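Notes follow once the structure below has been shown.
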Amino acid sequence: MTTVGFAGMTHLGLVSASAIAGKGFSTVCYDGDAALVGRLRAGRLPVVEPELDDLVAANGARQVFTADLEDLSRCNVVYIAPDIPTDDQGRSDTAVIHRLIDAVAPVLGPDAVMVVLSQVEPGFTRALRQPELSRRFYQVETLVFGRAVERATLPERYIVGCADPARPLPPHFAAVLEAFDCPILPMRYESAELAKISINFCLVSSISVANTLSEVCEAIGADWSEIVPALKLDRRIGQYSYLAPGLGIAGGNLERDLATVQRIGAARGTDTDVVAAWKSNSRHRRDWAARTIKRELLNATPEATVAIWGLAYKENTHSVKNSPSLATIAQLPDAVRLRVHDPVVDASAADRASAEGVDDPLAALDGAEALLILTPWPLYRGIDPQGIAARLSGRLVLDPYRILDPQAAVSAGLVYHTLGRSAATA
(Lines give C-alpha, C1' and ligand atoms only; values in the text may rest on other atoms or scores of the structure.)
Protein backbone atom coordinates (compact mmCIF):
# COMPACT_ATOMS: atom_id res chain seq x y z
CA MET A 1 0.00 0.00 0.00
CA THR A 2 1.29 3.47 -0.86
CA THR A 3 1.74 6.00 1.93
CA VAL A 4 2.18 9.64 0.91
CA GLY A 5 3.90 12.31 2.98
CA PHE A 6 3.66 16.08 2.75
CA ALA A 7 6.11 18.52 4.32
CA GLY A 8 4.71 22.01 4.82
CA MET A 9 1.13 22.56 5.91
CA THR A 10 0.48 25.94 4.38
CA HIS A 11 -2.05 26.51 1.58
CA LEU A 12 -0.46 24.32 -1.10
CA GLY A 13 0.57 21.43 1.13
CA LEU A 14 -2.68 21.20 3.07
CA VAL A 15 -4.96 21.24 0.03
CA SER A 16 -2.80 18.85 -2.02
CA ALA A 17 -2.44 16.38 0.84
CA SER A 18 -6.17 16.46 1.50
CA ALA A 19 -6.94 15.69 -2.15
CA ILE A 20 -4.61 12.67 -2.14
CA ALA A 21 -6.04 11.42 1.16
CA GLY A 22 -9.47 11.79 -0.46
CA LYS A 23 -8.40 9.19 -3.04
CA GLY A 24 -7.90 6.65 -0.26
CA PHE A 25 -4.16 7.00 0.33
CA SER A 26 -2.75 7.02 3.84
CA THR A 27 -1.32 10.54 4.09
CA VAL A 28 1.17 11.91 6.62
CA CYS A 29 1.05 15.70 6.90
CA TYR A 30 4.15 17.14 8.56
CA ASP A 31 4.87 20.66 9.72
CA GLY A 32 7.56 21.75 12.16
CA ASP A 33 5.14 24.20 13.81
CA ALA A 34 3.66 22.13 16.65
CA ALA A 35 1.02 24.77 17.40
CA LEU A 36 -0.18 24.67 13.78
CA VAL A 37 -0.30 20.89 13.88
CA GLY A 38 -2.42 21.09 17.04
CA ARG A 39 -4.89 23.38 15.29
CA LEU A 40 -5.03 21.08 12.27
CA ARG A 41 -5.73 18.08 14.47
CA ALA A 42 -8.59 20.03 16.04
CA GLY A 43 -10.01 20.84 12.61
CA ARG A 44 -9.09 24.55 12.71
CA LEU A 45 -7.62 25.00 9.25
CA PRO A 46 -5.26 27.93 8.54
CA VAL A 47 -6.67 28.66 5.07
CA VAL A 48 -10.10 29.42 3.65
CA GLU A 49 -11.15 27.30 0.67
CA PRO A 50 -14.60 26.08 -0.41
CA GLU A 51 -15.09 22.38 0.51
CA LEU A 52 -11.73 22.03 2.26
CA ASP A 53 -13.10 21.65 5.79
CA ASP A 54 -15.51 18.95 4.63
CA LEU A 55 -12.77 17.14 2.70
CA VAL A 56 -10.41 17.03 5.68
CA ALA A 57 -13.22 15.87 7.97
CA ALA A 58 -14.21 13.11 5.53
CA ASN A 59 -10.61 11.89 5.26
CA GLY A 60 -10.58 11.10 8.96
CA ALA A 61 -7.80 8.74 10.06
CA ARG A 62 -6.36 8.54 6.52
CA GLN A 63 -4.94 12.03 6.98
CA VAL A 64 -2.56 12.30 9.94
CA PHE A 65 -1.05 15.60 11.10
CA THR A 66 2.31 15.47 12.83
CA ALA A 67 5.19 17.65 14.00
CA ASP A 68 7.50 14.62 14.19
CA LEU A 69 9.81 14.53 11.16
CA GLU A 70 10.47 10.81 11.63
CA ASP A 71 6.85 10.05 10.72
CA LEU A 72 7.79 10.78 7.09
CA SER A 73 10.25 7.85 7.11
CA ARG A 74 7.39 5.40 6.49
CA CYS A 75 6.19 7.20 3.37
CA ASN A 76 6.82 5.93 -0.17
CA VAL A 77 6.39 9.38 -1.70
CA VAL A 78 7.12 12.66 0.10
CA TYR A 79 6.01 15.98 -1.34
CA ILE A 80 7.87 19.16 -0.40
CA ALA A 81 5.05 21.68 -0.44
CA PRO A 82 5.48 24.89 1.56
CA ASP A 83 4.12 28.14 0.18
CA ILE A 84 7.02 30.17 -1.22
CA PRO A 85 6.96 33.84 -0.16
CA THR A 86 7.75 36.49 -2.74
CA ASP A 87 8.85 40.08 -2.28
CA ASP A 88 7.50 43.20 -3.99
CA GLN A 89 9.84 42.62 -6.97
CA GLY A 90 8.51 39.10 -7.60
CA ARG A 91 11.60 37.37 -6.20
CA SER A 92 10.99 34.06 -4.43
CA ASP A 93 12.52 33.38 -1.03
CA THR A 94 13.60 29.76 -1.44
CA ALA A 95 15.29 29.56 1.97
CA VAL A 96 12.17 27.97 3.44
CA ILE A 97 12.08 25.14 0.90
CA HIS A 98 15.84 24.53 1.13
CA ARG A 99 15.56 24.19 4.91
CA LEU A 100 12.68 21.77 4.55
CA ILE A 101 14.47 19.63 1.94
CA ASP A 102 17.60 19.52 4.09
CA ALA A 103 15.49 18.29 7.00
CA VAL A 104 13.37 15.78 5.08
CA ALA A 105 15.92 14.14 2.78
CA PRO A 106 17.88 12.36 5.56
CA VAL A 107 14.73 10.66 6.93
CA LEU A 108 13.48 9.36 3.56
CA GLY A 109 13.26 5.59 3.27
CA PRO A 110 15.82 4.00 0.92
CA ASP A 111 13.27 3.53 -1.86
CA ALA A 112 11.15 6.64 -1.22
CA VAL A 113 10.96 9.45 -3.77
CA MET A 114 10.89 13.17 -3.05
CA VAL A 115 8.68 15.47 -5.12
CA VAL A 116 9.11 19.23 -5.07
CA LEU A 117 5.57 20.63 -5.42
CA SER A 118 6.21 24.28 -4.56
CA GLN A 119 6.79 26.50 -7.58
CA VAL A 120 10.49 27.13 -8.14
CA GLU A 121 12.55 28.81 -10.84
CA PRO A 122 14.02 26.78 -13.72
CA GLY A 123 17.16 24.94 -12.64
CA PHE A 124 16.16 24.56 -8.98
CA THR A 125 15.38 20.83 -8.86
CA ARG A 126 18.43 19.63 -10.76
CA ALA A 127 20.71 21.75 -8.58
CA LEU A 128 19.59 20.11 -5.32
CA ARG A 129 22.20 18.05 -3.50
CA GLN A 130 19.85 15.35 -2.22
CA PRO A 131 18.33 12.87 -2.72
CA GLU A 132 19.90 11.33 -5.81
CA LEU A 133 18.46 12.25 -9.22
CA SER A 134 16.59 8.96 -9.68
CA ARG A 135 14.54 9.67 -6.53
CA ARG A 136 14.02 13.39 -7.12
CA PHE A 137 11.07 14.88 -9.04
CA TYR A 138 9.32 18.18 -9.61
CA GLN A 139 5.55 18.39 -10.08
CA VAL A 140 3.76 21.49 -11.35
CA GLU A 141 1.26 22.62 -8.74
CA THR A 142 -2.28 23.52 -9.74
CA LEU A 143 -3.20 25.78 -6.82
CA VAL A 144 -5.72 28.53 -7.63
CA PHE A 145 -6.90 30.44 -4.57
CA GLY A 146 -10.64 30.07 -4.11
CA ARG A 147 -10.75 26.98 -6.36
CA ALA A 148 -7.95 25.00 -4.75
CA VAL A 149 -9.96 21.91 -3.80
CA GLU A 150 -11.58 21.70 -7.24
CA ARG A 151 -8.18 21.98 -8.93
CA ALA A 152 -6.51 19.47 -6.61
CA THR A 153 -9.24 16.83 -6.85
CA LEU A 154 -9.99 17.27 -10.58
CA PRO A 155 -6.63 18.08 -12.20
CA GLU A 156 -6.51 18.65 -15.96
CA ARG A 157 -3.10 16.95 -16.20
CA TYR A 158 0.05 16.32 -14.22
CA ILE A 159 3.33 17.84 -15.41
CA VAL A 160 6.28 15.98 -13.89
CA GLY A 161 9.92 17.01 -14.05
CA CYS A 162 12.36 14.09 -14.13
CA ALA A 163 16.07 13.45 -14.47
CA ASP A 164 15.22 11.06 -17.33
CA PRO A 165 11.71 11.50 -18.80
CA ALA A 166 12.11 8.29 -20.84
CA ARG A 167 12.19 6.12 -17.71
CA PRO A 168 8.90 4.98 -16.12
CA LEU A 169 7.94 6.80 -12.95
CA PRO A 170 8.56 4.86 -9.71
CA PRO A 171 5.55 2.60 -9.00
CA HIS A 172 4.32 4.32 -5.83
CA PHE A 173 4.60 7.79 -7.38
CA ALA A 174 2.83 6.56 -10.52
CA ALA A 175 0.05 5.04 -8.40
CA VAL A 176 -0.65 8.40 -6.74
CA LEU A 177 -0.86 10.28 -10.03
CA GLU A 178 -2.84 7.59 -11.85
CA ALA A 179 -5.51 7.66 -9.13
CA PHE A 180 -6.66 11.01 -10.54
CA ASP A 181 -7.30 9.63 -14.04
CA CYS A 182 -5.75 12.49 -15.99
CA PRO A 183 -2.89 12.76 -18.51
CA ILE A 184 0.62 12.55 -17.03
CA LEU A 185 3.31 14.49 -18.90
CA PRO A 186 6.89 13.57 -17.91
CA MET A 187 9.61 15.98 -19.08
CA ARG A 188 13.03 17.17 -17.99
CA TYR A 189 13.20 19.22 -14.81
CA GLU A 190 13.79 22.54 -16.52
CA SER A 191 10.92 22.02 -18.96
CA ALA A 192 8.46 21.28 -16.16
CA GLU A 193 9.64 24.28 -14.14
CA LEU A 194 9.21 26.54 -17.16
CA ALA A 195 5.86 24.92 -18.08
CA LYS A 196 4.23 26.46 -15.01
CA ILE A 197 5.53 29.88 -15.98
CA SER A 198 4.39 29.32 -19.57
CA ILE A 199 0.86 28.57 -18.42
CA ASN A 200 0.77 31.75 -16.35
CA PHE A 201 2.09 33.77 -19.27
CA CYS A 202 -0.83 32.62 -21.42
CA LEU A 203 -3.22 33.66 -18.64
CA VAL A 204 -1.56 37.07 -18.36
CA SER A 205 -1.87 37.52 -22.12
CA SER A 206 -5.61 36.81 -22.03
CA ILE A 207 -6.13 39.09 -19.04
CA SER A 208 -4.23 41.88 -20.78
CA VAL A 209 -6.35 41.52 -23.92
CA ALA A 210 -9.52 41.70 -21.84
CA ASN A 211 -8.35 44.70 -19.83
CA THR A 212 -7.13 46.63 -22.87
CA LEU A 213 -10.18 46.11 -25.04
CA SER A 214 -12.74 46.43 -22.25
CA GLU A 215 -11.38 49.93 -21.62
CA VAL A 216 -11.90 50.69 -25.31
CA CYS A 217 -15.52 49.54 -24.85
CA GLU A 218 -15.96 52.00 -21.99
CA ALA A 219 -14.76 54.81 -24.24
CA ILE A 220 -16.84 54.09 -27.36
CA GLY A 221 -20.11 52.72 -25.94
CA ALA A 222 -19.51 49.05 -26.75
CA ASP A 223 -20.12 46.31 -24.16
CA TRP A 224 -17.29 43.82 -23.59
CA SER A 225 -19.70 41.17 -22.26
CA GLU A 226 -21.31 41.07 -25.72
CA ILE A 227 -17.95 40.49 -27.41
CA VAL A 228 -16.69 37.68 -25.14
CA PRO A 229 -19.07 34.98 -26.53
CA ALA A 230 -17.73 35.66 -30.04
CA LEU A 231 -14.19 35.10 -28.81
CA LYS A 232 -15.03 31.93 -26.91
CA LEU A 233 -16.58 30.42 -30.06
CA ASP A 234 -13.35 31.00 -32.01
CA ARG A 235 -11.39 27.74 -31.90
CA ARG A 236 -8.12 29.64 -31.91
CA ILE A 237 -9.10 31.21 -28.58
CA GLY A 238 -11.59 28.87 -26.96
CA GLN A 239 -14.37 28.85 -24.40
CA TYR A 240 -12.07 28.60 -21.38
CA SER A 241 -9.98 31.70 -22.12
CA TYR A 242 -9.50 34.26 -19.40
CA LEU A 243 -11.51 37.06 -20.99
CA ALA A 244 -13.09 38.75 -17.99
CA PRO A 245 -11.60 42.20 -17.36
CA GLY A 246 -10.47 42.91 -13.81
CA LEU A 247 -8.36 45.14 -11.63
CA GLY A 248 -5.04 44.01 -13.04
CA ILE A 249 -3.07 40.86 -12.31
CA ALA A 250 -3.63 40.13 -8.63
CA GLY A 251 -2.22 37.58 -6.23
CA GLY A 252 1.47 36.73 -6.22
CA ASN A 253 2.22 33.87 -8.60
CA LEU A 254 1.63 35.65 -11.91
CA GLU A 255 3.75 38.64 -10.90
CA ARG A 256 6.49 36.29 -9.72
CA ASP A 257 6.59 34.52 -13.08
CA LEU A 258 6.71 37.79 -15.00
CA ALA A 259 9.59 38.98 -12.82
CA THR A 260 11.40 35.65 -13.22
CA VAL A 261 11.37 35.85 -17.01
CA GLN A 262 12.45 39.49 -16.92
CA ARG A 263 15.47 38.49 -14.81
CA ILE A 264 16.30 35.63 -17.17
CA GLY A 265 16.01 38.01 -20.13
CA ALA A 266 18.31 40.55 -18.50
CA ALA A 267 20.88 37.87 -17.71
CA ARG A 268 20.73 35.98 -21.02
CA GLY A 269 19.97 38.76 -23.50
CA THR A 270 16.45 37.64 -24.48
CA ASP A 271 13.72 40.16 -25.36
CA THR A 272 11.13 40.56 -22.61
CA ASP A 273 9.63 43.93 -23.59
CA VAL A 274 6.16 42.37 -23.84
CA VAL A 275 6.37 41.49 -20.15
CA ALA A 276 6.98 45.12 -19.24
CA ALA A 277 3.95 46.07 -21.33
CA TRP A 278 1.78 43.49 -19.56
CA LYS A 279 2.87 44.80 -16.17
CA SER A 280 2.18 48.40 -17.20
CA ASN A 281 -1.29 47.48 -18.46
CA SER A 282 -1.96 45.61 -15.22
CA ARG A 283 -1.03 48.59 -13.05
CA HIS A 284 -3.20 50.88 -15.19
CA ARG A 285 -6.28 48.69 -14.82
CA ARG A 286 -5.61 48.03 -11.14
CA ASP A 287 -5.97 51.77 -10.51
CA TRP A 288 -9.30 52.07 -12.37
CA ALA A 289 -11.39 52.14 -9.20
CA ALA A 290 -9.20 54.76 -7.53
CA ARG A 291 -9.24 56.98 -10.63
CA THR A 292 -12.98 56.65 -11.03
CA ILE A 293 -13.99 57.30 -7.42
CA LYS A 294 -11.74 60.38 -7.33
CA ARG A 295 -13.19 61.75 -10.56
CA GLU A 296 -16.81 61.03 -9.68
CA LEU A 297 -16.78 61.93 -5.97
CA LEU A 298 -13.61 62.51 -3.99
CA ASN A 299 -12.03 65.37 -5.91
CA ALA A 300 -15.06 67.46 -4.96
CA THR A 301 -15.79 65.77 -1.61
CA PRO A 302 -12.52 64.46 -0.12
CA GLU A 303 -14.15 63.76 3.27
CA ALA A 304 -16.84 61.49 1.83
CA THR A 305 -17.80 58.18 3.42
CA VAL A 306 -17.22 55.23 1.09
CA ALA A 307 -18.41 51.64 1.53
CA ILE A 308 -15.96 48.91 0.48
CA TRP A 309 -17.11 45.38 -0.22
CA GLY A 310 -14.15 43.03 -0.30
CA LEU A 311 -10.51 43.17 0.81
CA ALA A 312 -9.24 39.74 -0.30
CA TYR A 313 -7.39 39.69 -3.61
CA LYS A 314 -10.09 37.41 -5.05
CA GLU A 315 -13.20 35.59 -3.89
CA ASN A 316 -13.14 32.46 -1.71
CA THR A 317 -9.73 33.12 -0.16
CA HIS A 318 -8.29 34.90 2.85
CA SER A 319 -5.19 36.08 0.96
CA VAL A 320 -4.60 39.81 0.49
CA LYS A 321 -1.27 39.45 -1.36
CA ASN A 322 -1.24 42.19 -4.02
CA SER A 323 -4.94 42.82 -3.44
CA PRO A 324 -6.45 45.36 -5.88
CA SER A 325 -8.79 46.39 -3.07
CA LEU A 326 -5.93 47.32 -0.76
CA ALA A 327 -4.13 49.05 -3.63
CA THR A 328 -7.26 51.11 -4.27
CA ILE A 329 -7.70 52.02 -0.60
CA ALA A 330 -4.06 53.12 -0.39
CA GLN A 331 -4.74 55.71 -3.12
CA LEU A 332 -7.75 57.31 -1.45
CA PRO A 333 -7.37 60.66 0.34
CA ASP A 334 -6.62 60.41 4.05
CA ALA A 335 -9.84 62.27 4.87
CA VAL A 336 -12.05 59.57 3.33
CA ARG A 337 -14.02 57.54 5.87
CA LEU A 338 -14.35 53.84 5.03
CA ARG A 339 -17.00 51.31 6.00
CA VAL A 340 -15.59 47.91 5.10
CA HIS A 341 -17.05 44.43 4.72
CA ASP A 342 -15.28 41.20 3.79
CA PRO A 343 -16.59 37.73 4.71
CA VAL A 344 -13.12 36.57 5.81
CA VAL A 345 -10.56 39.39 5.96
CA ASP A 346 -10.55 41.76 8.94
CA ALA A 347 -10.86 45.48 8.26
CA SER A 348 -7.45 46.02 9.87
CA ALA A 349 -5.91 44.73 6.62
CA ALA A 350 -6.88 48.07 5.07
CA ASP A 351 -4.28 49.73 7.31
CA ARG A 352 -6.39 52.88 7.66
CA ALA A 353 -7.46 54.34 10.99
CA SER A 354 -10.70 55.46 9.31
CA ALA A 355 -11.60 51.92 8.13
CA GLU A 356 -14.53 50.65 10.19
CA GLY A 357 -15.26 46.94 9.85
CA VAL A 358 -18.93 45.99 9.47
CA ASP A 359 -20.31 42.45 9.74
CA ASP A 360 -23.13 42.88 7.23
CA PRO A 361 -22.57 44.17 3.67
CA LEU A 362 -25.80 46.19 3.60
CA ALA A 363 -25.01 47.76 6.97
CA ALA A 364 -21.71 48.94 5.47
CA LEU A 365 -23.76 51.18 3.16
CA ASP A 366 -25.28 53.24 5.98
CA GLY A 367 -24.14 56.85 5.62
CA ALA A 368 -21.94 56.08 2.59
CA GLU A 369 -22.03 58.21 -0.56
CA ALA A 370 -20.56 55.48 -2.75
CA LEU A 371 -20.04 51.72 -2.87
CA LEU A 372 -16.93 50.03 -4.27
CA ILE A 373 -17.26 46.27 -4.85
CA LEU A 374 -13.59 45.31 -5.00
CA THR A 375 -13.68 41.54 -4.43
CA PRO A 376 -16.26 39.42 -6.31
CA TRP A 377 -17.44 37.35 -3.34
CA PRO A 378 -20.47 35.11 -4.18
CA LEU A 379 -22.27 36.65 -1.18
CA TYR A 380 -22.47 39.99 -2.99
CA ARG A 381 -24.04 38.51 -6.12
CA GLY A 382 -27.21 37.72 -4.25
CA ILE A 383 -27.82 41.27 -3.01
CA ASP A 384 -30.66 43.14 -4.74
CA PRO A 385 -29.63 46.53 -6.18
CA GLN A 386 -32.89 47.91 -4.80
CA GLY A 387 -31.62 47.05 -1.32
CA ILE A 388 -28.36 48.81 -2.07
CA ALA A 389 -30.16 51.92 -3.26
CA ALA A 390 -32.32 51.93 -0.12
CA ARG A 391 -29.31 51.91 2.25
CA LEU A 392 -26.73 53.93 0.32
CA SER A 393 -26.81 57.68 1.01
CA GLY A 394 -25.44 58.48 -2.44
CA ARG A 395 -26.05 56.85 -5.84
CA LEU A 396 -22.54 55.94 -6.99
CA VAL A 397 -21.56 52.26 -7.36
CA LEU A 398 -18.27 50.98 -8.77
CA ASP A 399 -18.54 47.30 -9.66
CA PRO A 400 -15.49 46.34 -11.78
CA TYR A 401 -16.29 42.62 -11.80
CA ARG A 402 -19.95 43.12 -12.75
CA ILE A 403 -21.27 41.43 -9.62
CA LEU A 404 -24.59 43.25 -9.97
CA ASP A 405 -26.84 43.10 -12.98
CA PRO A 406 -26.13 46.44 -14.71
CA GLN A 407 -29.71 47.03 -15.84
CA ALA A 408 -31.10 46.19 -12.41
CA ALA A 409 -28.61 48.61 -10.83
CA VAL A 410 -29.66 51.42 -13.19
CA SER A 411 -33.35 50.65 -12.65
CA ALA A 412 -32.75 51.00 -8.90
CA GLY A 413 -31.53 54.55 -9.53
CA LEU A 414 -27.82 53.86 -9.06
CA VAL A 415 -25.04 55.55 -11.04
CA TYR A 416 -23.32 52.37 -12.13
CA HIS A 417 -19.72 51.96 -13.32
CA THR A 418 -18.19 48.64 -14.40
CA LEU A 419 -15.33 47.49 -16.58
CA GLY A 420 -16.05 46.94 -20.24
CA ARG A 421 -18.97 49.31 -20.82
CA SER A 422 -19.81 52.99 -20.48
CA ALA A 423 -21.11 54.31 -17.17
CA ALA A 424 -24.87 53.90 -16.89
CA THR A 425 -27.55 55.99 -15.22
CA ALA A 426 -31.33 55.84 -15.24
Residues that are without any contact (Cβ under 8 Å) to a residue 60 or more places away in the chain, out of contact with any strand residue (DSSP E or B) (no Cβ under 9 Å at 6 or more places or on another chain) and under 30 Å from residue 50 (Cβ atoms), drawn from region 132-173: 144, 151, 154, 155, 156
Output for region 39-82, where each listed residue is among the hydrophobic types (A, V, I, L, M, F, W, C), closer than 23 Å to residue 319 by Cβ and part of a loop (DSSP other than H, G, I, E, B): 42, 45, 47, 48, 81
3 or more residues under 21 Å from the mean Cα position of the chain (by Cα): qualifying helices (runs of 4 or more DSSP H) within region 86-175: 148-153
Answer from 69, 52, 154 - the residue that is hydrophobic (A, V, I, L, M, F, W, C), under 25 Å from residue 323 (Cβ atoms) and modelled with pLDDT of 95 or more: 52
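Restricted to region 359-387, and to residues that are hydrophobic (A, V, I, L, M, F, W, C) and surrounded by fewer than 19 Cβ atoms within 10 Å (Cβ to Cβ), which residue is farthest from residue 223 (Cα to Cα)? I'd like the intermediate steps shown before the answer.
Here is the first cut: in region 359-387, the residues hydrophobic (A, V, I, L, M, F, W, C) are 362-365, 368, 370-374, 377, 379, 383.
Subset that is surrounded by fewer than 19 Cβ atoms within 10 Å (Cβ to Cβ): 362-363, 379, 383.
Working: 362: 28, 363: 32, 379: 25, 383: 23 Å.
Here the residue is 363.
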Of all residues in region 34-89 being buried (at least 19 other Cβ atoms within 10 Å of the Cβ) and of a type in the set (D, E, K, R), the one that is nearest to residue 146 (Cα to Cα): 49
Scan of region 369-386 for residues that are in contact with a helix residue (DSSP H, G or I) (Cβ under 9 Å, 6 or more places away or on another chain) and either over 21 Å from residue 224 (Cα atoms) or not assigned by TED's automatic domain parsing to the domain that holds residue 328 (or both), ordered by number: 369, 370, 371, 384, 385, 386
Subset of region 388-414 [more than 31 Å from the chain's Cα centre (by Cα) and surrounded by fewer than 23 Cβ atoms within 10 Å (Cβ to Cβ)]: 389, 390, 391, 393, 394, 395, 410, 411, 412, 413
Among (1) surrounded by fewer than 22 Cβ atoms within 10 Å (Cβ to Cβ); (2) under 23 Å from residue 398 (Cβ atoms), the one test that residue 271 misses: (2)
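The values are calculated or read from the model by the stated rules, or taken from the named source; none is laboratory data. Since the model is a prediction, treat every value here as computed from it, not as a measurement. Every residue, glycine as well, gets a Cβ built from its backbone with ideal geometry; the counts of neighbours run over all protein chains shown.
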